[in-house]
Amino acid sequence: MSDVLIVGAGPVGAVCALALRQQGIAARVLEAQPADARADSRTLALSHGARLILERLGVWDRLGDVTPITRIHISQRGALGVARLAAEDVAVPALGYVLPYAVLTTALKQALAESRIDVEYGVAVERIESGAGCATVHTADDRALAAQLVVVADGGRGDTAPAPRFERDYDQMAVVCEVRTELPHGNQAFERFTPEGPAALLPKGDRYALVWTASSEDARRIAELPDDAFLAALYRHFGGRQGLFLEASPRKTFPLRLAYVGSEAADRVVRIGNAAQTLHPVAGQGFNIGLRDAWELAALCGDTPHPLKQRGDTMHEQCCDTPHELNQRGDTPANEIGSAAMLAAYARGRRADVLGGVGFTDFLVRVFSNDIPPLRHARGLGLMALEVLPPLKRFVARRMIFGARG
């Protein structure tokens, strides 16, 4: 029986496995996609806090094609109020970093292989049975794999996800592509709020990664526009702060919603990353929260006794065969890896960060995606306050970088 079995070898699952290895805890990883699956074409925005995690795992220096964000310009279309955040405001080298998703996943896959972490590709999980003594993962190839703790990090794509505790359909889609502008980006990102939804430009190489949010119907129409018409529409929507938009890559669309499942599922099972919460991409919080989920779960596992490992494989098998009897004899400590007490402690420790990110992004989408005059004026006052009050600026920037605990 494994100490920890991780379902999903994406960035969040891989970071969890590597962090557990640093804690001296063996993890086994199952990934539904084949090892040679086509690389994801998405763009990632990592916070400086995420960089610190990857540095501690020895992954950051493996990454190429990384563009730092040293400044962020925040505004709303057709109304007063501008705020500017800079890395020097919070004494960090960059507020965030932009890179291709495939670059990060390739580096993490190499780190997993070099750390000799057991990763099985092409293995789909059909169901997970939770018990007091262990959890059992049933795979599509008719295997039953037991572990003291099962970490679900499959991005919410698997069939094992419970119904969300709460969810919101924004009836929005993100149109994503890369664009070239007349003026160089100078490592500055833009977050532009409009009544139809936010639009973000993230510096990436010598171009920008664009995330243009609109209603589902409008997003489909925008994505299908010919290049010239698309660039003209983007200029009208975003404005001319970067001059003209000169080129655009092929467009893709993604539906946007909020879904909060939570980390607590049952004894011996915990959900992290998008498997626990899916956020709107505004302010770039979702992926970074998932990395903090993985890091803090591994740290808590490292601080939690796991005496069954020390007692040998025989006791492992007995634990899974007769968990209730062992609990009654006191052989399974309440605070061991995967126990209800440990998972409750993990959920308490993550609650402020996760719910803070969920609330913050939901607030931005709902308050800024309208043209109600009183709200428009209040938003302008809020942006001006953020611009002229350094303590407020530092407060907001640190929480975007490091989460609710700043």
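Some values worked out for this structure:
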item	result
Span from the the range 366-395 Cα centroid across to the the range 184-259 one, whole angstrom	22 Å
Net charge of Cβ neighbours under 10 Å - reference Glu296; Lys, Arg +1; Asp, Glu -1	0
Max mean-square fluctuation residue, GNM over the chain, Cα-Cα springs under 10 Å, options Pro198, Pro281, Pro226	Pro226
Footprinting exposure proxy for Asp362, Asp118, Asp141 (fewest neighbouring C-beta atoms within 10 Å first)	Asp141, Asp118, Asp362
Globularity ratio of the chain, using Cα Rg and 2.2 N^0.38 Å	1.04
As computed over the range 92-202, the Cα convex hull volume per residue (Å³)	231 Å³
Dipole of the range 17-137 [Lys/Arg +1, Asp/Glu -1 at C-beta], most positive-end residue of Leu57, Ala26, Leu95	Leu95
Count of lysine pairs in the chain with Cα separation under 27 Å (8 or more residues apart, or interchain)	5
Around Arg168: net Lys/Arg minus Asp/Glu count, Cβ-Cβ under 11 Å	-2
Net charge of neighbours whose Cβ lies under 11 Å from the Cβ of Asn370, counting Lys and Arg as +1 and Asp and Glu as -1	+1
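Values quoted throughout were computed directly from the atomic coordinates according to the rules given, and no laboratory measurement underlies them. Quick caveat, the model's predicted, so the values are computed rather than measured. Reconstructed Cβ throughout: ideal geometry from the backbone, glycine too, with neighbour counts over all protein chains shown.
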